[in-house]
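Quick notes on the structure that follows.
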Amino acid sequence: MTDDLNAFLIRLRLYSGVVLFVYAITHLLNHSLNVLSLDAASYAKEHYFRPIWKSQVGTIALYGSFIVHVPLGVMSIISRKSFKISTREWLQIIFIILALFVFVQHVASMYLLTRTFEAQIPYEVLYSFVLFDPNEIVASTILYTLMTVFIWVHGSIGLHNALTFRMKSYSKNFRKFLIIYFGVPILGLFGFWAGLKEQSLAMYFNIQAGNENFLMSVVSKAVPMEAFPSLEMVDALTLKYYPVFVLALLALGLFNVLRTKYFGQIQITYPNNMAIKVPKGTSVLEASRAAKLPHKSVCGGRGRCTTCRIKVASSDGSLPQPSIHEQRALDRAGLDQSIRLACQLKPVANLSVTPLMNTESEFDVVGKAHELSGKEQETVILFVDLRNFTKLSETTLPYDVVYILNKYYATCGKAIEANSGRLDKFIGDGIMAIFEAGDSIEKNCKEAVKAASEISKQIKLLSTDLSKEFSAELKCGMGIHTGQSIVGLMGYGDTVSRTAIGDNVNVASRLEQMTKAYNSELVISKQVAEKAKLKKGDFVEEAVEVRGRNEKLDIVSIPDASQIQLS
Ligand code: FES
């Protein structure tokens, strides 16, 4: 299977899992309404939840996701190359195998009743099924409770793993997710138990009143008699074939692990004739890690940098072609064909490699290796530049220039810090500031625009002040942009400091330079304007070419930043 197809299938499993997780949330929230009453839960089911999931889109999304997610999950289990997996992964696998036993039966029965027999199943009917056999009430309750917990844990682990790597703000918002991870199943289970209790009481009082067939009368009102043989068949088939399915799954998984261990190993040789054996299809970076060899991997093996690059000296067979992803990274770095990314290359034959990036670094002794690696995050960048600085330095004595510059730095610095910005660096008469303290990108954009407005006001005052002693008129140009950049500690020796780099930082700088062409004080990207909720003014809005970007960028040019108003 090519890496691209593999990556596609992983994404498909993830997205289908997300749909099923969303369904589980709505399903459990619906259950939770049983705490109020059976009627309330049934009403919400019929009027709110069912219309969503029974619509054409809902049906395709739900059953399509189920049909896709289960086989892809099975494939991921039987294609394992080793049982050396984390406890979390073990729980995820074992829990879903146990839960599916009840779940498949539940889903198939509900599908038959609601789709084939067009029956409407209010909650009182569901609970009547559970209460039918007095000898099995406790067992059924425990089974349904465990099924809910197991499925939920399986989904939560999957979502947690996916969001940890894909959602930048996940760790920041982890507490909010904890509310979902724990709150939703607790509410759902309380609802389930409350509904069961309500229906048990109804059964008890009816039997006391002589209505021995209470449960049957409830069920028969909703479920046509001809549905019962089909339901019994579903139960019988699940009981008969599910254990066979699980055994086959385990046997295939075990077979693959043993096959990989005894027949599917390849050897990777590093410099100094250091050789290690790994299962075919293991990435070179995973192999280095397994052998505890130092190997740079700044992005953590996600194909987002090129620091894990290796030179392939020789190979016993042809190498898998680079995926589109890997090729793009190699092209961008201008690397030739003999260079590959260790995290992306999964050899199927013996090979010799040389990691190319120096793993010995003075940074490693700083003790903040994770920060030194940098991490990708959405930031808001402000650039400020003093206009006509060259002319000023030509016409003013050097010590006076220092005096003026320090006043200018202090003025801008105070405005930036007063709006939760962080001064990143001074480059001659230029200033770069990062806004990342707020809990949302909207807030950071707002703070950056407010800082720019404040700088504009204060620079005008400073200019008036200085004009008494110097002939200099101070004016500045500013640019603001937002987007993903790599933020981390960079530098050398005593000059290591936290900063941001990336295309979006360059764009912010270019927007600042555009203020000259627009004869304005501030140029911001439209993204920033929208997120900061900039009130419409007499501003130029345009789509412009920005060096280093393929597409045009929508910008807003503001002649006088001190006039800015935010809503
Ligand atoms: S570790 Fe970043 S591309 Fe391999």
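Readers should treat all values here as calculations from the given coordinates under stated rules, not as data from a laboratory. Just so we're clear, the structure is a prediction, and the values are computed from it rather than from any experiment. Cβ: placed from backbone, ideal geometry, glycine included. Neighbour counts: every protein chain shown.
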For this session: Under 25 Å Cα to Cα from K221, which lysines show up? Leave out anything in the same chain fewer than 8 places away.
Result: K45, K54, K197
Problem set entry | Qualifying lysines (Cα of each under 18 Å from Cα of K446; at least 8 residues distant if same chain) | K414, K457, K526, K531, K533, K535, K536
Exercise. If you take every DSSP beta bridge whose two residues both sit in region 265-360, what share of them, in percent to the nearest 5, is antiparallel?
Worked result: 90 percent
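Remind me, relative contact order of region 3-260 in percent, using alpha carbon pairs under 8 angstrom and six or more residues apart?
On the way: 204 pairs, mean separation 90.6, N = 258.
Computed value for region 3-260: 35 percent relative contact order.
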Exercise. On average over all directions, what projected area in square nanometres does the chain have, based on the convex hull of its Cα atoms?
Worked result: 34.7 nm²
Exercise. Hey, fewest Cβ within 10 Å first, where do V284, V22 land in order?
Worked result: V22, V284
Exercise. Across region 311-322, in residue order, what do the Karplus-derived ³J(HN,Hα) couplings come to in whole Hz, using 6.51 cos²θ - 1.76 cosθ + 1.60 with θ = phi - 60° and x for Gly and Pro?
Worked result: 9, 8, 6, 7, 8, 6, x, 6, 7, x, 4, x
Seminar exercise, completed: If amide H atoms are modeled at 1.01 Å from N in the peptide plane, then the residues at a separation of 5 or more from D554, or on another chain, having amide H under 5 Å from its own are K526, V544
Exercise. Over the chain, what is the relative contact order in whole percent, taking alpha-carbon pairs under 8 Å and six or more residues apart?
Worked result: 10 percent
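Would you mind classifying region 365-563 by shape? Square roots of the alpha carbon gyration tensor eigenvalues, ordered a ≥ b ≥ c; an a/c under 1.5 is rounded, otherwise it is prolate if a/b is larger than b/c and oblate if not.
On the way: a/c = 1.76, a/b = 1.17, b/c = 1.50.
It comes out oblate by the Cα gyration axes.
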Exercise. Label-point separation (nm) for L254 and S79, each offset 7 Å from Cα along Cα-to-Cβ?
Worked result: 2.3 nm
Problem set entry | Spin-label model distance (nm) - Y262 vs L14, 7 Å beyond Cα toward Cβ | 3.6 nm
For this session: List the relative contact order of region 265-360 as a percent without decimals, with contacts defined as Cα pairs under 8 Å and 6+ residues apart.
Result: 40 percent
For this session: Taking H placed 1.01 Å from N in the peptide plane, check which residues at least 5 places from K475 or on another chain put their amide H under 5 Å from its amide H.
Result: R387
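Please report, ordered by residue number, every helix of the chain (full DSSP H runs) that is 18 Å or longer along its axis going by C-alpha atoms and whose mean Kyte-Doolittle hydropathy reaches -0.5. Display every interim value, and only then the final one.
Values: long enough: 3-32 (43 Å, 0.76); 56-78 (33 Å, 1.56); 87-111 (34 Å, 1.36); 137-166 (43 Å, 1.17); 184-208 (36 Å, 0.74); 227-263 (51 Å, 1.05); 398-418 (30 Å, 0.14); 441-467 (38 Å, -0.27); 503-518 (22 Å, -0.69).
Once both thresholds are applied, what remains is 3-32, 56-78, 87-111, 137-166, 184-208, 227-263, 398-418, 441-467.
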For this session: Could you list D133, D385 in order of exposure, starting from the residue whose Cβ has the fewest other Cβ atoms within 10 Å?
Result: D133, D385
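Can you put S562, S471, S323 in order, fewest other beta carbons within 10 Å first? Mind showing how you got there, number by number?
Numbers: S562 17, S471 9, S323 20.
Ordered by Cβ neighbours within 10 Å, fewest first: S471, S562, S323.
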Seminar exercise, completed: Percent antiparallel among DSSP beta bridges confined to the chain, nearest 5, equals 90 percent
